[in-house]
Amino acid sequence: MKYISTRGQGGEKSFQEVLLAGLAEDGGLYVPAELPQFSLEKIRSLRGLPYNELAFEVIKPFVAGEIPDAKLKEMIDDSYAEFAHEAVAPLTQLKSQQWVMELFHGPTLAFKDFALQLLGRLLDYVLTEKGERAVVLGATSGDTGSAAIEGCRHSEALDIFILHPYQRVSEVQRRQMTTVLDTNVNNIAVQGNFDDCQAMVKQCFSDQSFLPENTSLVAVNSINWARIMAQVVYYFHAALELGGPDREIAFSVPTGNFGDIFAGYIAKGMGLPIGKLVVATNQNDILHRFFQENDYSKQGLEHTLSPSMDIMVSSNFERLLFDILGRDGKALADLMATFESTGKLSVTDDRWQNIRKLFDSSRTDDQSTCEAIKALFDRTEYLADPHTITGIRALEEVKIDSSMPKVVLSTAHPVKFPEAVEKAGLESPELPHHMKDLHDREERYDVVDNELNSVKGFIQKRLSQ
């Protein structure tokens, strides 16, 4: 398996090179040069496998022998062994032909655990084999940070620095990060928004001269291909549980950074019959505007009740644009340069109409979020978090064949967002047993100015101690 940059430079890379690099040297994102192809017969043969065994079969082609199969399987087994539900990603039926796939049974109660538990182990293995150390640098709008910390905290080959927007994540999300006191874990609260944090991470990757000699950065955000690779698995899992591959499945996905739904696009590209992918957004609706109006343009970022989707620019959308443009790296680089200079882009009408055959979208504001949480609970006694509910509500707005099974990706446990639940007129659930004392644990984090040199200086100081 070889990987290429969406912006066309740098040639082909191996899985290990892509794993450690994160962002491509030309500023693009890595994608497989060609996707592995699973025949319908091959997909049928995966029915009935436990989640970890299915994950091994789906992930193995992307690693392509660069990690011994036995070691890869061991890492996958370990990644999902401590999830709180034996099904790992259980499906709960809401009504006829509609299910929620619960992706919040991992250690930090969010879908990010599926990728980051594995990513931490992959990084630790490759760095240890090379006899190297690395610095994990990431930005979080809420859930990536705690999942990355949980996946990397035990690694002797990694130091980890996570940027989060100061006072713009929920208290539970913050405490899940800041109460981890391992010496290799550093939490940085930036006095800005998530896009500011994400931009600084990208700038640090572009110029790593501020780091000590023989030290390099590793990405844990969804710009790292290994994150997408791990998320592909649960699309296969859901489809196989609901009659796939002998019937098409539709998926509705709450997303801000486009990584979680792009994994579904990859699954379809591998041969999984997917009839529709629905992008569910909050008021920060750049993706919704693209799929409805061919308008991908920056607007002011709003702080909402679904903070993990409070994102102005969706990093992973570049990966889809690369395919929309016929995998023309130069054309994509030119388009992104236009976006960086003007804050907006669009594609030709024929290309836009073509991608719309697979994708649809929906936008849910805060008021509708609360109303929908309450309405769903009154109807089913199912409590959805404010991100998941955007995906459920989206299915009421978009047109999908009524006979097609529809799966909403439930991205987080509602306990992480008590404000939204209480504004919906409901009682917030209690923390799970392993987190009962979360609000009593000691916190450790540093608040820094919304300025690149302040962040770089903080990292330099910590690494020199």
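The values are calculated or read from the model by the stated rules, or taken from the named source; none is laboratory data. No experiment lies behind these values; they were computed from the predicted model shown. We place every Cβ from the backbone using ideal geometry, glycine too, and count neighbours over all the protein chains shown.
Key figures for this structure:
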item: Pick from the stretch 197-213, criterion surrounded by fewer than 20 Cβ atoms within 10 Å (Cβ to Cβ) and touching a residue at least 40 places away in the same chain (Cβ under 8 Å), ranking: farthest from the chain's Cα centre (by Cα); result: Pro212
item: Those strands (runs of 3 or more DSSP E) lying entirely in the stretch 1-112 with at least 2 residues surrounded by fewer than 22 Cβ atoms within 10 Å (Cβ to Cβ) and either touching a Leu at 6+ places or on another chain (Cβ under 7 Å) or not charged (D, E, K, R) (or both); result: 91-95, 98-102
item: Val232 being in contact (Cβ under 8 Å) with a residue 40 or more places away in the chain, farther than 30 Å from Ala424 by Cα and touching a Gly at 6+ places or on another chain (Cβ under 7 Å); result: no
item: Per-region count, the stretch 173-209, residues in contact with a Phe, Trp or Tyr (Cβ under 9 Å, 6 or more places away or on another chain), of a type in the set (A, V, I, L, M) and not in a helix (DSSP H, G or I); result: 4
item: Residue under evaluation Ile76, criteria (1) in contact (Cβ under 8 Å) with a residue 40 or more places away in the chain; (2) in contact with a Ser or Thr (Cβ under 8 Å, 6 or more places away or on another chain), criterion not met; result: (2)
item: Pairs with Cβ under 9 Å, 6+ apart, first in the stretch 444-462 and in contact (Cβ under 8 Å) with a residue 40 or more places away in the chain, second part of a loop (DSSP other than H, G, I, E, B) and of a type in the set (Gly, Ala, Ser); result: Asp449/Gly192; Asn450/Gly192
item: Residues (outside any loop (DSSP other than H, G, I, E, B) and polar (S, T, N, Q)) located in the stretch 248-272; result: Ser252
item: Matching residues, the stretch 113-140, being part of a helix (DSSP H, G or I) and small (Gly, Ala, Ser); result: Ala115, Gly120
item: Qualifying residue in the stretch 382-401 (condition: without any contact (Cβ under 8 Å) to a residue 12 or more places away in the chain, over 20 Å from the mean Cα position of the chain (by Cα) and in a loop (DSSP other than H, G, I, E, B)); result: no
item: Single residue of Ala250, Ala263, Ala239 found to be at pLDDT 95 or above and out of contact with any strand residue (DSSP E or B) (no Cβ under 7 Å at 6 or more places or on another chain); result: Ala263
item: Members of the stretch 358-379 that are in contact with a strand residue (DSSP E or B) (Cβ under 9 Å, 6 or more places away or on another chain) and surrounded by fewer than 17 Cβ atoms within 10 Å (Cβ to Cβ); result: Leu358, Arg379
item: Among residues of the stretch 178-191, those that are over 12 Å from Val455 (Cα atoms) and either in contact (Cβ under 8 Å) with a residue 60 or more places away in the chain or among the charged types (D, E, K, R) (or both), counted; result: 4
item: Qualifying helices (runs of 4 or more DSSP H) (wholly inside the stretch 273-372; at least 1 residues being closer than 17 Å to Gly28 by Cα); result: 317-324, 329-342
item: Some residue of the stretch 334-344 being surrounded by 14 or more Cβ atoms within 10 Å (Cβ to Cβ), at negative phi and either in contact with a Cys (Cβ under 9 Å, 6 or more places away or on another chain) or touching a residue at least 60 places away in the same chain (Cβ under 8 Å) (or both); result: yes
item: Unmet criterion (only one of (1) more than 26 Å from Leu305 (Cα to Cα); (2) touching a helix residue (DSSP H, G or I) at 6+ places or on another chain (Cβ under 9 Å)) for Ser362; result: (1)
